[in-house]
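Here is the structure we will look at.
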Amino acid sequence: SPEQQQVLLGARPNHDRTMQDQRTGSLCYGALYDYFARRADFTPGWSLPFPDELKETERALKGMSLLRPDTYFNTALVNVYDTGDIITPHTDSSDFGDEIVAVSFKSEQTICFALRTPRTIRPGKWETNDPRNPVTSIRLPPNSALIMTGPSRTHYKHWVPPTEAPRISLTLRQAREP
């Protein structure tokens, strides 16, 4: 709902000490994932408490049978992107549960998938000419949710080419607690 968006996105994002890509700012709820140490950090103060509004989002997705009944999220990452910002090709860590939800706000954005790392043409531009490694592109309209599970997040490289307009993404995950 617009009210939930206001609560979740209303806090002022800060630059995150662990971001590996070009992003204007980020805000962590529940746990901060340390990309270098490859683990979730639940240390108080590194992230904000996981809000009830996100639990409501999880329940709504389960109510639409879009998530398995045993899925639960305990960490969320809000990223703010300016025009031209990117996410480099990567797979998601096995430190997270099997289902990840990415919600895109403010503007339309493309996400790309390929089985192997594509060739870098120039910063922010990747391609593959290998017919055995085709690139699949999906357009995400504003306020859309992409649910990734299984090989789509752990085996296929996925990336976001340069953003065409400012956008905000919300990523919900289940981080393994120590």
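Bear in mind these aren't lab numbers, they're just calculated from the coordinates by the rules spelled out. Quick caveat: nothing in here was measured; it's all calculated off a predicted structure. Glycine gets a Cβ as well: all are built from the backbone with ideal geometry, and neighbour counts include every protein chain shown.
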Identify, among V80, S152, T128, the residue whose Cα sits farthest towards the positive end of the charge dipole of the range 67-178, taking +1 on the Cβ of Lys and Arg and -1 on the Cβ of Asp and Glu, with the dipole about the Cα centre. T128
Give the aspartates and glutamates whose C-alpha is closer than 13 Å to that of K157, dropping any in the same chain fewer than 8 places away, or say none. D92, E127
Going by average Cβ neighbours within 10 Å, how do the peptides 33-42, 152-161, 130-139 rank, with the highest at the top? 152-161, 33-42, 130-139
Evaluate E = 1/(1 + (r/R0)^6) for E127 and H155, where r is the Cβ-Cβ distance and R0 equals 22 Å; express this FRET efficiency to the nearest 0.05. 0.65
Pairwise label distance in nanometres, D70 with A165, each label 7 Å out on the Cα-Cβ vector: 4.2
Under a straight-distance cross-link criterion of Cα-Cα below 18 Å, which aspartates and glutamates are reachable from K62, leaving out those fewer than 8 residues away in the same chain? D52, E53, D70, D98, E99
